[in-house]
Amino acid sequence: MKHLFYLMGKSASGKDTLYETLLNDSTLALKPLIPWTTRPARANEQDGVEYHFTDEAGLQILEEKGLVIEKRTYQTEHGPWTYFTVKDAASLSHDRIGIGTLESYRKIRDSYPDGCVIPIYLEVEDGLRLSRALERERRPGNHRYEEMCRRFLSDQKDFSEEKLQEAGITKRFSNEGDPSLCYQAVVSYIRSILECRQSSGQKGGQDGLI
């Protein structure tokens, strides 16, 4: 079984940018874990790329088939939005990269053997995050300031130190300065895990264990 590297962090911590950069790194050869959501697609989002988009009826059908690993519903100014992970999309026949919340990480982690799901937690000082989020919402087509505030306050609870410790998140990657430095640190970490697995596999093969 391969690995799922799962990116997490509070809003405006740079998860999306890092996710795209890691996904486009041909030396890592990671395939995407594409989540599902009932929220409407935003500008420039494509179905099957950032998310699989569906509605409440579609979610219910997937649940009835037993395909939903985890789900989270948020009460937004636009109504309830649900984000969830589907089993078929989370197959570990390939090394994958995913992105989500601490809650979703714990549920996905518990669905696989120990050590298969690797957390990658990005950390940014709250004032800087809020500044970045405000800058993003000022761009044309955004201006969702109430939703920005809701997410900021929600993240303070969802990613509290207590919950991080309960989830076993000990390694953290700072993304406050040059983003290329954070990227290099994460790539080095991922490669070390892949190389360790490869070395273990070769040793097991030589010992006749696999």
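Filter the range 28-58 for residues that are in contact (Cβ under 8 Å) with a residue 24 or more places away in the chain and either assigned to a helix (DSSP H, G or I) or of a type in the set (Val, Ile, Thr) (or both) and give the result.
ILE34, THR37, THR38, GLU56 - these are the residues of the range 28-58 that are in contact (Cβ under 8 Å) with a residue 24 or more places away in the chain and either assigned to a helix (DSSP H, G or I) or of a type in the set (Val, Ile, Thr) (or both).
What residue, of THR85, THR73, is open to solvent by 40 Å² or more (accessible area, probe 1.4 Å), of a type outside the set (Lys, Arg) and in contact with a Phe, Trp or Tyr (Cβ under 9 Å, 6 or more places away or on another chain)?
Working: THR85 fails: open to solvent by 40 Å² or more (accessible area, probe 1.4 Å).
Within the list THR85, THR73, the selection yields THR73.
Just a yes or no: is a residue in the range 155-178 assigned to a strand (DSSP E or B) and either of a type in the set (Gly, Ala, Ser) or surrounded by 15 or more Cβ atoms within 10 Å (Cβ to Cβ) (or both)?
Looking only at the range 155-178, we keep the residues that are assigned to a strand (DSSP E or B), and these are 172-174.
Those still in the list that are either of a type in the set (Gly, Ala, Ser) or surrounded by 15 or more Cβ atoms within 10 Å (Cβ to Cβ) (or both) too: 173-174.
Yes, the range 155-178 contains at least one residue that is assigned to a strand (DSSP E or B) and either of a type in the set (Gly, Ala, Ser) or surrounded by 15 or more Cβ atoms within 10 Å (Cβ to Cβ) (or both).
Looking at the range 135-154, which of the residues that are without any contact (Cβ under 8 Å) to a residue 40 or more places away in the chain and part of a helix (DSSP H, G or I) is least open to solvent (accessible area, probe 1.4 Å)?
Going through the qualifying residues, I end up with GLU137.
Got a number for residues in the range 179-201 being open to solvent by 50 Å² or more (accessible area, probe 1.4 Å) and not aromatic (Phe, Trp, Tyr)?
As a first pass, look at the range 179-201 and keep what is open to solvent by 50 Å² or more (accessible area, probe 1.4 Å): 179, 181, 183-184, 188-189, 191-192, 195-200.
Applying the additional criterion that residues be not aromatic (Phe, Trp, Tyr) yields 179, 181, 184, 188, 191-192, 195-200.
Summing the residues that are open to solvent by 50 Å² or more (accessible area, probe 1.4 Å) and not aromatic (Phe, Trp, Tyr) in the range 179-201 gives 12.
Given the structure, is ILE193 within 17 Å of the chain's Cα centre (by Cα) and under 27 Å from GLU70 (Cα atoms)?
no
The values are calculated or read from the model by the stated rules, or taken from the named source; none is laboratory data. As the structure is a prediction and not an experimental result, all values here were calculated from the model. Glycine also receives a Cβ, built like all others from the backbone with ideal geometry; neighbour counts cover every protein chain displayed. Side chains are part of the model used for accessible areas, which takes the heavy atoms of the whole protein and leaves out ligands, DNA and RNA. Shrake-Rupley method; radii C 1.70, N 1.55, O 1.52, S 1.80 Å.
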